[in-house]
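Down below is the structure, laid out as structure tokens.
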Amino acid sequence: MTTAAHVGLAAAVTGGVGASAVRPDGRLKVTGEFAFSSDLWADDMLWGATLRSPHPRARITELDLGPALRIPGVYAVLTHEDVPGRRLYGLEHVDQPVLAADEVRYQGEPIVIVAADHPETARRAVRAIGIGYEVLDAVTDPEAALHDGGAPRVHADRPNLLRHVPIRRGDPEASAAVVITGEYEVGMQDQAFLGPESGLAVPAEDGGVDLYIATQWLHVDQQQVAACLGLAADKVRLTLAGVGGAFGAREDLSMQVHACLLALRTGRPVKMVYGREESFFGHVHRHPARLRYEHGADEHGRLVYVKARILLDGGAYASSSGAVVANAATLGVGPYDVPNVVIDAYGLYTNNPPCGAMRGFGAVQACFAYESQMDKLAAALGLDPVEVRVRNALHTGDRMPTGQVVEGPAPVAELLRLVQSKPPAGPADFPPGGTANTTRGEGVVRGVGYGIGIKNVCFSEGFDDFATARVRLELVGGRPAVLVHTAAAEVGQGLVTVQAQIVRTELGVDQVTIAPADTGVGSAGSSSASRQTYMTGGAVRAACQAIRARLLDRLDGLAGELRLVDGRVLDAEGEAVADLADVLGEEAIEQTVQWRHRPTFPLDPQTGQGDAHVQYAFAAHRATVDVDLDLGLVKVVEIVTAQDVGKAVNPGAVVGQIHGGTAQGLGLALMEEIQIVDGKVRNPSFTDYLLPTIMDMPPMTVDVLELADPHAPYGLRGVGEPPTISSTPAVVAAIRAATGAALTRVPVRPEHIVGV
């Protein structure tokens, strides 16, 4: 069997916290040598395939497996009746069938799984299955779904309203001298990771199963898979395989249970790999949203109140929609000090594709609306768009709409001034249509726009959020070496590098190996919510500190502060008093630590008040665009961004995250949308689902602030999500500035600009 997880990543890099250490997996990924989950292989391996519904909603009227079973090379054809344990799974609500039984609720829902000795044989068997449907009226309009009786129930045993989060602060009847309103819409964005869903399930001699899988949260996968298989958790062992991107879409199960079912039924390893089209049906997406906002301000531009109604389409199953709704609500006024707030955020079941986690997690949708409103307010008052934001900027000690005090640094005004202060972009190399000779610059106008956003970091609302790290210090070949073992998923963000940097900083040891992430150690939580450097980094740091304390206890005859640097023990004056190898000797020191951040609390269900979040992160963008008014084409000429990261643990990686997050925000602004018509996906391919390429990305200027958060390890803040949040409204604001068009929907299409 070949798997990247079988080889520990020996961190052959130098530098601790604050250094731009080289990624140990970087060269392998660039050269194509890295083993991703789709590269997994085992002797005697079978291939799995899935029969999926072509209808958004239908009753299954007949099912004939015989034609598939008669195909040579087919070893198993399974339905919901073959699920030995719990037949439903889910992150927040256990509501999604492993395999559909009587009814399908979205296009692409899995119904039958097949194992065969060749992938084409498995696919042929899927096509041979006889199945009949009674097509039912699909619930595809979230507005209709919201009103009881306005649409059929997607689930017969529960209303279509999945969660309502109200926020009430101050006077709900407050009035203002200047009032602006707006209605906005955000399309369904796909995470579009390059490595489709894939994994390998291997039956074990103890009756259990070993699953090698690309995921974001090994232990939650383990819990759900074990429950569905009817096995104890220790009989379902998960190891992280090479992950080709995630961005939230790997938080939910895809083929995990299916591969294990087939492996246990056949007694042979089973590999499943989705093609690109199937991937669009195999994971959740960003919630499309409809948002209605009203901002009231005094004559000087100071906000008096904000009222908002936010509607999020969760699709057929809950996934993490409840938490997304809470984020949209609690962050719904943006990084602004607003004394009076009335927000109602709703998440709805529909027969559209399921939606869940995606980078920005509810804050993206709200930011597009409230930043559009701030530009409207600036225009109504005749103010500069940055000035109106600065006048309302949050500061340390201010209260959020939930009543929570912003305790850490809140450099909102500083970030805005930073991006505003940069020199303007020079002339574009070519106008938007120039590469196709459609224009020589006539009708091309330039616009500049701004956006700033706020995002919570880590899990919220009283969730028991923790990470576990096991760290072992011992002599290897006569030199001190450290082995770090966590279950934290490396999904491309550089966590393996960060863990090694923390060890070097805390223990002064250069030789660090990151063990494969698996369920053989306690949970590290999900690689989401911009939390892993904070949480798993915090756990690794705490374990190292415990090891250091035990080690230095052996030198209790020495007075004063002692430090570990470059394999030596130094005193307060920096003089070496011992070699680490001599102090350690032949006895290894190992510590396992379960580390938590400070507690959070649930929101009051009536008022939305409560200290729900651990930490807030802020980012600002300035976008410059050239727009062809005749063709509706847009070229982003330049992006300037500034973000407070608390502490840049790896400055090079931080800048890379900011570039990548900005690219996804630009994609949502201009091109990325899953087209849904009557519940059906019209563009499940990278031919028709458009993504920014290197040709679409402009030069970027990045300013990184390091204003330490007093509660976080090294003072750091999560980095990955904020740039995705504020880049979208900045790009759209720049197009508005160039065209004068209202542009209330993203992505912006050419017809929105030319008015056809």
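The values are calculated or read from the model by the stated rules, or taken from the named source; none is laboratory data. On a predicted model such as this, the values are computed, not experimentally measured, just so you know. Methodologically, a virtual Cβ is constructed for each residue, glycine included, from the backbone with ideal geometry; neighbour enumeration extends over all protein chains shown. Heads up: the accessible areas ignore ligands, DNA and RNA and are worked out on the full protein's heavy atoms, side chains in. Shrake-Rupley method; radii C 1.70, N 1.55, O 1.52, S 1.80 Å.
Here are the numbers for this structure:
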{"read-out": "Accessible area of the chain divided out per residue, in Å², using a probe of 1.4 angstrom", "value": "36"}
{"read-out": "Relative contact order (%) - the range 264-341, alpha-carbon pairs under 8 angstrom, separation at least six", "value": "26"}
{"read-out": "Whole-Å distance, taken between Cα centres, linking the range 279-310 and the range 166-204", "value": "9"}
{"read-out": "Coordinate range along principal axes, alpha carbons of the range 523-642, Å, largest first", "value": "79, 45, 27"}
{"read-out": "Amide hydrogen neighbours beyond the local backbone of residue 675, cut-off 5 Å, H modeled", "value": "682, 683"}
{"read-out": "For the range 389-407 and the range 109-136, distance of Cα centres in Å", "value": "54"}
{"read-out": "Principal semi-axes in Å for the chain [√(5λ), Cα gyration tensor, largest first]", "value": "39, 37, 24"}
{"read-out": "Accessible area of the range 126-254 belonging to carbon and sulfur atoms, whole % at 1.4 Å probe", "value": "49"}
{"read-out": "598, 127, reordered so the largest accessible area comes first (probe 1.4 Å)", "value": "127, 598"}
{"read-out": "Prolate/oblate/rounded call for the range 339-446, Cα gyration tensor, a/c under 1.5 rounded", "value": "oblate"}
{"read-out": "Accessible surface of the range 308-455 [probe 1.4 Å, protein heavy atoms]: carbon and sulfur percent", "value": "52"}
{"read-out": "Inter-part distance where the range 212-271 and the range 707-756 are each reduced to a Cα centre, Å", "value": "35"}
{"read-out": "Ranked packing of 59-68, 680-689, 139-148, most packed first, by mean Cβ within 10 Å", "value": "139-148, 680-689, 59-68"}
{"read-out": "For peptides 482-490, 632-640, 327-335, sequence by mean Cβ density within 10 Å, most packed first", "value": "327-335, 482-490, 632-640"}
{"read-out": "The range 150-239: C-alpha gyration tensor shape, a/c 1.5 cut-off, then a/b vs b/c", "value": "prolate"}
{"read-out": "Among 56, 26, 191 - extreme Cα towards positive end, dipole of the chain, charges at beta-carbon", "value": "56"}
{"read-out": "Relative contact order (percent, whole number), the chain, Cα cutoff 8 Å, 6+ residue spacing", "value": "16"}
{"read-out": "Sulfur and carbon atoms: percent of accessible area, the range 546-697 [1.4 Å]", "value": "50"}
{"read-out": "Segments 584-595, 396-407 sorted - mean Cβ within 10 Å per residue, highest first", "value": "396-407, 584-595"}
{"read-out": "Bridge type composition, the chain - antiparallel percent by DSSP, nearest 5", "value": "80"}
{"read-out": "Eligible lysines near residue 635 by straight Cα distance, threshold 25 Å, same-chain separation 8 or greater", "value": "376, 422"}
{"read-out": "Cα gyration tensor category, rounded, prolate or oblate, for the range 643-756 with a/c compared to 1.5", "value": "prolate"}
